[in-house]
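To start, the structure itself, in structure tokens.
The values are calculated or read from the model by the stated rules, or taken from the named source; none is laboratory data. From a predicted model like this one, the values you see are computed outputs, not experimental measurements. Cβ sites come from the backbone with ideal geometry, for glycine too, and all protein chains shown count toward neighbours. Note: accessible area is taken over every heavy atom of the protein model, side chains too, but ligands, DNA and RNA are not part of it. Shrake-Rupley method; radii C 1.70, N 1.55, O 1.52, S 1.80 Å.
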Amino acid sequence: MTGTELDGRIALVTGASRGIGAAIAFSLAMAGAKVGVNYNTSRESAEKVVEKITQGGGEAFLVEGNVSEEASAEAAVKQLISQCGQIDILVNNAGINRDRLLMRMKIEDWDEVLDVNLRGTFLCSKLVMPQMIKQRKGRIVNISSVVGLSGNPGQANYAAAKAGLIGFTKAVAREVASRNVTVNAVAPGFIATGMVEELTEDTQKQILDKIPMGRFGSAEDVSQAVLFLCGDGASYITGQVITIDGGLIA
């Protein structure tokens, strides 16, 4: 059963075919938004997200597009706006990792991570901005990471991209605040999705020992923070970064 907090609003969630992106899409839809579920290659997984939303009483539709490529990102945003006539919420969630120590990191590892995580956010935000400014309302939420705040060995590319998102968030928030468009970021810690589940039991235990709350976060922990930032209760919050990490970097 859906809520009414976001009734009538149109949302685009990038990289929404699984994990945190899928949870965000579901939460926004259950709050009443009509959600564009973006995917690049995982169409079948994205279809399952749309199906879950529909079965829950919400509205969602597929939006294909590689956010790191200008023409593809532009086609995705144009599809959503032409189909719905507006866009009220953009969640820049699409991201990848190519972890290895700097000495062994290939240039392609660096470029691919920066392209999807940072360039993709730049492109999608730039593309939706004219419509949001025209409407004089909008919410942009960028999915960063605690790694962008604290760093992590073997993730120089990922940390650079996620730190870049934080700087991007603060700069753009200042540019569009007078137009009633807010731009915020959330920085998840270790969330129980594919990346964490692939770690060995020993590694997971070592990480848990460092988390004051003693557990990994859930995708829903992240999605609820995003939902708040997209709602009316966060109308005076912009340029901020909310860490969702169980106290890891407190």
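A few comments on the model shown:
- With respect to (1) of a type in the set (G, A, S); (2) open to solvent by less than 30 Å² (accessible area, probe 1.4 Å); (3) out of contact with any strand residue (DSSP E or B) (no Cβ under 7 Å at 6 or more places or on another chain), the lone exception for A25 is condition (3).
- Filtered by the rule that a residue be among the aliphatic types (A, V, I, L, M) and within 30 Å of I207 (Cβ to Cβ), the range 162-182 gives A163, L165, I166.
- Failed condition for A94, given (1) among the aliphatic types (A, V, I, L, M); (2) surrounded by fewer than 20 Cβ atoms within 10 Å (Cβ to Cβ); (3) in a loop (DSSP other than H, G, I, E, B): (2)
- Pair list, Cβ < 6 Å and 6+ apart or interchain, from the range 223-241 residues that are closer than 18 Å to L149 by Cβ to residues that are in a helix (DSSP H, G or I) and not hydrophobic (A, V, I, L, M, F, W, C): G239/K170
- Residue in the range 118-145 that is nearest to M195 (Cα to Cα), counting only those that are outside any helix (DSSP H, G or I) and either within 15 Å of the chain's Cα centre (by Cα) or among the β-branched types (V, I, T) (or both): S145
- Complete set of residues in the range 163-204 that are in a strand (DSSP E or B) and over 16 Å from the mean Cα position of the chain (by Cα): V181
- Close pairs (6 angstrom Cβ cut-off, 6 or more residues apart or separate chains): touching a residue at least 24 places away in the same chain (Cβ under 8 Å) in the range 200-216, part of a loop (DSSP other than H, G, I, E, B) anywhere: I211/G246; I211/L248; P212/G247; M213/G246; M213/G247; F216/F190; F216/A192
- Note on the range 173-199: residues that are loosely packed, with under 15 Cβ neighbours inside 10 Å, under 20 Å from S144 (Cα atoms) and free of Cβ contacts under 8 Å to residues at least 60 places away in the same chain total 2.
- Residue list for the range 1-22, filter: under 20 Å from V196 (Cβ atoms) and open to solvent by less than 10 Å² (accessible area, probe 1.4 Å): A16, G21
- Unique residue being open to solvent by 20 Å² or more (accessible area, probe 1.4 Å), among the acidic types (D, E) and not in a helix (DSSP H, G or I) when the list is D99, D111, D115: D99
- Test: Q86 is open to solvent by 20 Å² or more (accessible area, probe 1.4 Å), under 18 Å from R139 (Cα atoms) and either under 18 Å from the mean Cα position of the chain (by Cα) or of a type outside the set (K, R) (or both): yes
- Lone unmet requirement of (1) closer than 19 Å to V116 by Cβ; (2) loosely packed, with under 15 Cβ neighbours inside 10 Å; (3) at pLDDT below 95 for A71: (3)
- Number of residues in the range 26-55 that are of a type outside the set (S, T, Y) and within 18 Å of I96 (Cα to Cα) equals 5.
- Residues in the range 33-43 that are modelled with pLDDT of 95 or more and open to solvent by 20 Å² or more (accessible area, probe 1.4 Å): K34 alone.
- Lone qualifier among I87, I53 - being at pLDDT 95 or above and assigned to a loop (DSSP other than H, G, I, E, B): I87
- Answer residue from the range 205-242, given it is of a type in the set (S, T, N, Q) and not in a loop (DSSP other than H, G, I, E, B) and is least open to solvent (accessible area, probe 1.4 Å) among those: S223
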